[in-house]
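Since the structure comes first, as structure tokens, the remarks are kept for the end.
The values are calculated or read from the model by the stated rules, or taken from the named source; none is laboratory data. Note that the coordinates shown come from a computational prediction; the quantities given were computed from them, not determined experimentally. Reconstructed Cβ throughout: ideal geometry from the backbone, glycine too, with neighbour counts over all protein chains shown. Protein only, heavy atoms only, side chains kept; ligands, DNA and RNA dropped before computing areas. Shrake-Rupley method; radii C 1.70, N 1.55, O 1.52, S 1.80 Å.
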Amino acid sequence: MERAQHLPASLRLSAIRFDGPALATWLLGFSLIAYLMLQNGGYDPIVRGEVGVAVWWIVLIGVAAGALPLPARSRAALALIGLLGAFTVWTALSFIWTESDERTATELARVSTYLGFLVLGVLAVANHRGRHLLAGVTTAVGLVVALAVLSRLHPQWFPENTLGSFLPGIEIERRLAYPLGYSSAVGVLAAMAIPLLLGATSWARTLTGQALAAAALPVAGFTLVLASSGVGTGAAIVALATFLAIAPDRLPKLGTLALGGAG
């Protein structure tokens, strides 16, 4: 590394080691989240089931190949997996008393997919790639809120909002619903995006990444406004209050948040 610092600028790139596992972890977080969001949030049982099967295959193959090592006695991780695993087993047992096998099967597939995502995330963090996984998820969320705003600024490029035909009389079609198909869901997505992007303005390792995260903050706020969701607004307030309560170096983050709000 010291020798690389003394190289000419034109040769430094060749001294940078390509980190394949880090890139793969980033792509994993980005692709799964972006795909589900662009598929109406994954509300369709078929889409959700397909992604769930893919996630479990990634977990099984990754563990078998050693690419996803098991966490070393992490009590918190094991407790989380154990609790959601127990709920999954309980959901499966409900076939004994259910009045609708079809609905129970749908819920079992949903919970199993949640469990797969949790296990995959825990394994990725245990592999010391938590930062890269978080970066992929944050990038996907930032991209989706940007597309949501773009769908209002240039609607000709995007599917028509047909919510008014299902809920007439309340002008719900004026609320931003793309790409999740539901304005409250878009509002909650924007509420999650704001603390993620605010955090990325400090933990991103490059100045370009930090600047892009800061630039995306006004876009996430604009998404929240266009969604006109009381649930999303409440979630944003709670998320920001929690983030600022536990985050270090609050004053710089408050300054960034003020600039983003002004934008």
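Overview of values
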quantity: Read-out P(r) over Cα pairs in 10 Å bins from 0, in percent, derived from the coordinates shown; its label in (i) 7, 30, 35, 21, 6, 0; (ii) 6, 23, 31, 26, 11, 2, 1, 0; (iii) 7, 28, 30, 21, 11, 4, 1; calculated: (ii)
quantity: Relative contact order (%) - criterion: Cα under 8 Å, at least six apart; region: the chain; calculated: 20
quantity: Simple spin-label estimate for ILE237 and TRP97 in nanometres, 7 Å along Cα-Cβ; calculated: 3.9
quantity: Net lengthening on full extension, ALA211/TRP57 (0.36 nm per residue, minus Cα-Cα); calculated: 51.8 nm
quantity: GNM top mover of LEU134, LEU147, LEU80 - the chain, alpha-carbon springs below 10 Å; calculated: LEU80
quantity: Accessible area of the range 220-263 belonging to carbon and sulfur atoms, whole % at 1.4 Å probe; calculated: 76
quantity: Ellipticity estimate at 222 nm from DSSP helix runs (n ≥ 4, -39,500 (n - 2.57)) divided over the chain, nearest 500; calculated: -25000 deg cm²/dmol
quantity: The range 66-105 residues near the modelled ALA126 label - backbone nitrogen below 20 Å, point 7 Å along Cα→Cβ; calculated: 66-89
quantity: Cβ crowding within 10 Å averaged over residues, with 246-252, 55-61, 183-189 ranked highest first; calculated: 183-189, 55-61, 246-252
quantity: Accessible solvent surface per residue of the chain, calculated while the other protein chains remain in place, 1.4 angstrom probe, Å²; calculated: 60
quantity: Gain upon complete extension [LEU23, LEU244; 0.36 nm per residue less C-alpha separation]; calculated: 76.6 nm
quantity: Derived scalar couplings ³J(HN,Hα) [the range 219-226; Karplus, 6.51 cos²θ - 1.76 cosθ + 1.60; whole Hz; x for Gly, Pro]; calculated: 5, 5, x, 5, 4, 4, 5, 5
quantity: Exposure ranking of GLU50, GLU160 by accessible area [1.4 Å probe, largest first]; calculated: GLU160, GLU50
